[in-house]
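Heads up: the structure comes next, in structure tokens.
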Amino acid sequence: MGVIAIFISITLIFLAGLHFYWALFGIKDPSTVLPTNLKSNKVKSPGKFGAVLVGIALLFFAFVFINKVTVYIESGWLNYTSAGIGLLFIVRALGDFKYVGFFKSAKNSKFSALDTRYYSPLCLLLGALILILEVFG
């Protein structure tokens, strides 16, 4: 189960780095990473501060799973935190039924195609792996 925890941590650290990169240097093509509505206007644009906050949250999530291997902090609340993170990723994969997730209704943008092909499956995989780690680990 340590391999799963390390895989999750590496993935989350990579995603955190990507968000920090976006905060520092901007997004080259926002239409591929930000949900857009039918008129192709940006719907959710968190800005640099939002990107940094997401990056920090992803690093915290990565620490939770690195801790499962190294046991740097021994605490029962980390198991609940881990399960909550897993549920958060599954909810993200299911989406808001409008712009993100498998059940989105706005399907006319570059983001929606990439979300269906890459972003939502990654979130579902991470969520499932996290819950498997919690149940069987």
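The values are calculated or read from the model by the stated rules, or taken from the named source; none is laboratory data. Every value quoted in this text rests on a predicted model; they were computed, and no experiment measured them. Cβ atoms come from the backbone with ideal geometry, glycine included; neighbour counts cover every protein chain shown.
What are the pairs, 6+ residues apart or on separate chains, where a residue within segment 90-110 that is under 17 Å from Gly127 (Cα atoms) has its Cβ under 8 Å from a residue that is β-branched (Val, Ile, Thr) and assigned to a loop (DSSP other than H, G, I, E, B)?
From segment 90-110, the pairs are Arg92/Val100.
Given the options Ser109, Ser105, name the one that is in contact with a strand residue (DSSP E or B) (Cβ under 8 Å, 6 or more places away or on another chain) and over 19 Å from Ala62 (Cα atoms).
Ser109
Given the conditions (1) under 19 Å from Ala128 (Cα atoms); (2) touching a helix residue (DSSP H, G or I) at 6+ places or on another chain (Cβ under 7 Å), report the number of the one that Ala106 does not fulfil.
Condition (1) is where Ala106 drops out.
Test each condition in (1) buried (at least 17 other Cβ atoms within 10 Å of the Cβ); (2) free of Cβ contacts under 8 Å to residues at least 40 places away in the same chain; (3) farther than 16 Å from Ile8 by Cα for Tyr119 and report the one that comes out false.
(3)
Hey, among Ser31, Ser82, which residue is at pLDDT below 85, part of a helix (DSSP H, G or I) and surrounded by 13 or more Cβ atoms within 10 Å (Cβ to Cβ)?
Ser31 is the lone residue from the list that is at pLDDT below 85, part of a helix (DSSP H, G or I) and surrounded by 13 or more Cβ atoms within 10 Å (Cβ to Cβ).
Within segment 63-79, track down each residue that is part of a loop (DSSP other than H, G, I, E, B) and either touching a Pro at 6+ places or on another chain (Cβ under 9 Å) or among the aliphatic types (A, V, I, L, M) (or both).
Once the filter is applied, which keeps residues that are part of a loop (DSSP other than H, G, I, E, B) and either touching a Pro at 6+ places or on another chain (Cβ under 9 Å) or among the aliphatic types (A, V, I, L, M) (or both), segment 63-79 yields Val71, Ile73.
One residue is enough: does segment 94-103 have a residue meeting the conditions assigned to a helix (DSSP H, G or I) and within 28 Å of Ile6 (Cα to Cα)?
Checked against the condition, which is being assigned to a helix (DSSP H, G or I) and within 28 Å of Ile6 (Cα to Cα), segment 94-103 yields at least one hit.
State all residues of segment 34-62 that are hydrophobic (A, V, I, L, M, F, W, C), farther than 16 Å from Arg92 by Cβ, touching a residue at least 40 places away in the same chain (Cβ under 8 Å) and surrounded by 14 or more Cβ atoms within 10 Å (Cβ to Cβ); if no residue qualifies, say none.
Selection gives Leu59, Ala62.
Of all residues in segment 104-137, how many are in contact with a Gly (Cβ under 7 Å, 6 or more places away or on another chain), at pLDDT below 95 and farther than 26 Å from Gly2 by Cβ?
Total meeting the criteria: 1.
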